[in-house]
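The values are calculated or read from the model by the stated rules, or taken from the named source; none is laboratory data. Computed from a prediction, not measured in an experiment: that's the story for all the values here. Because the Cβ atoms are built from the backbone with ideal geometry, glycine has one as well, and the counts that use them run over all protein chains shown. In case anyone asks, the SASA skips ligands and DNA or RNA and just uses the protein heavy atoms, side chains included. Shrake-Rupley method; radii C 1.70, N 1.55, O 1.52, S 1.80 Å.
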Amino acid sequence: MIRDPLGPFRKVGKWGYFARDIGIAIGDVKTYRSETIRQMRNMGVDSLPLAAIVAAFIGAVTAFQTRYQLFGGVQLSVVGLISRQSIILELGPLLTGLVLTGRVGARMTAEIGTMRVTEQIDALETLAYDPIAYLVVPRMIAALVMLPVLTILADFVGVGTAMFTAVTATDVTGAAFAEGLRLSFTPFQIVYSVIKAFIFGGAIAFFCSYEGYTANVGAEGVGRSTAQAVVVTSVAILVLDALTALLLAPYLQA
């Protein structure tokens, strides 16, 4: 038996009010300007090694598995084509978003949640600071900017590792792999990957900030909010990934 049948609708309504507050707080540039730079470093620069490592293994496994799933008579350039399409269109932005949900999103929720339970957010309001502008907007802008940057890096590293693995560990030649990379390529495929990353970055910042901002009192409340933020954000990213593919996939063909 459902305790509150209207619970999901109340949650969506609260998200709507939170989004409204973010839109209002964007006008308070002086409050979030300096904090945004620090958040961009925390989310972007500090996440570079993790994003590169994940992308490298994605590229290696994709190339290796693709080569040995081919049947006889298929041109080996297909390995480059499939690797490029898999990494740029799907695995690069999706796995980068999911990995950063665990690293950046959980940290974001814990930071804001701790400030909530220790009444630091109330102190900001007492000092006439908008807590949304000071805590949420910088993280939102940083995520919207840095996740596409990290995704471009992940795409580059992933494709490069795929080529290196295919050439060194299989019978695919560099010329054949490069031919597959060029086959049916359009610039919109890169734009598509960046669009996905932009949407995922917004989802990470929004849902994780909301869960931290509404955390209950006590360490248990912060822990519960952090776990819920990771789950909700991961599901939201998967749903947004499917919707993006549904709307934009027809424009990908050369």
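Remarks
- Estimated distance in nm for a label pair at TRP15 and ILE190, the labels positioned 7 Å out from Cα along Cα-to-Cβ: 3.3
- Couplings 3J(HN,Hα) of region 120-130, computed from phi: 6, 5, 5, 5, 4, 5, 5, 8, 6, 9, 7 Hz, in residue order, whole Hz [Karplus 6.51 cos²θ - 1.76 cosθ + 1.60, θ = phi - 60°; x for Gly and Pro].
- Near LEU76: Cβ cut-off under 15 Å, other residues only, Lys/Arg at +1 and Asp/Glu at -1. The net charge is +1.
- The chain: most fluctuating residue of VAL12, VAL235, VAL137 per GNM, C-alpha cutoff 10 Å: VAL12
- Using alpha-carbon coordinates, inclination of helix 188-213 to the longest axis of the chain, degrees: 30
- Debye intensity ratio in log₁₀ form over the Cα atoms of the chain, taken at each q of 0.08, 0.14, 0.15 Å⁻¹: -0.38, -0.93, -1.01
- Rounded to 10°, Cα long-axis angle of helix 48-69 versus longest principal axis of the chain: 40
- Taking ALA154, ALA133, ALA197 in turn, the Gaussian network model of the chain (Cα-Cα springs below 10 Å) assigns the largest fluctuation to ALA133.
- With protein chains left intact and a 1.4 Å probe, residues in region 4-135 average 53 Å² of accessible area per residue.
- Evaluated at q = 0.14, 0.25 Å⁻¹: base-10 log I(q)/I(0), Debye formula over Cα of region 161-254: -0.73, -1.12
- Between ALA245 and THR173, full extension at 0.36 nm per residue minus the direct alpha carbon distance yields a gain of 22.8 nm.
- Helical contribution to [θ] at 222 nm, DSSP H n ≥ 4, -39,500 (n - 2.57), averaged over the chain, rounded to 500: -25500 deg cm²/dmol
- With every protein chain in place, region 27-109: carbon and sulfur % of accessible area (1.4 Å): 66
- For region 109-212, taking Cα atoms only, Rg and Dmax work out to 21.1, 67 Å respectively.
- Between the helical axis of 29-43 and the longest alpha-carbon principal axis of the chain there is an angle of about 40 degrees.
- Label point at ILE26 placed 7 Å out along Cα→Cβ; residues across region 199-239 whose backbone nitrogen lies under 16 Å: 199-207
- Separation of alpha-carbon centers, region 189-254 and region 80-116, rounded to whole Å: 8
- Net charge, LEU94 excluded, C-beta distance under 11 Å - Lys, Arg +1, Asp, Glu -1: -1
- Relative contact order computed over region 69-213 (Cα-Cα under 8 Å; 6+ residues apart), in percent: 52
- Residue-wise HN-Hα coupling along region 159-173, computed from phi with Karplus coefficients 6.51, -1.76, 1.60 (Hz; x: Gly, Pro): 5, x, 5, 4, 5, 4, 5, 4, 6, 8, 10, 10, 8, 7, 8
- Think of a 1.4 Å ball rolled over the protein heavy atoms: region 139-213 then has 38 Å² of accessible area per residue.
- Taking only protein heavy atoms and a 1.4 Å probe, the accessible area of region 195-254 is 73% carbon and sulfur.
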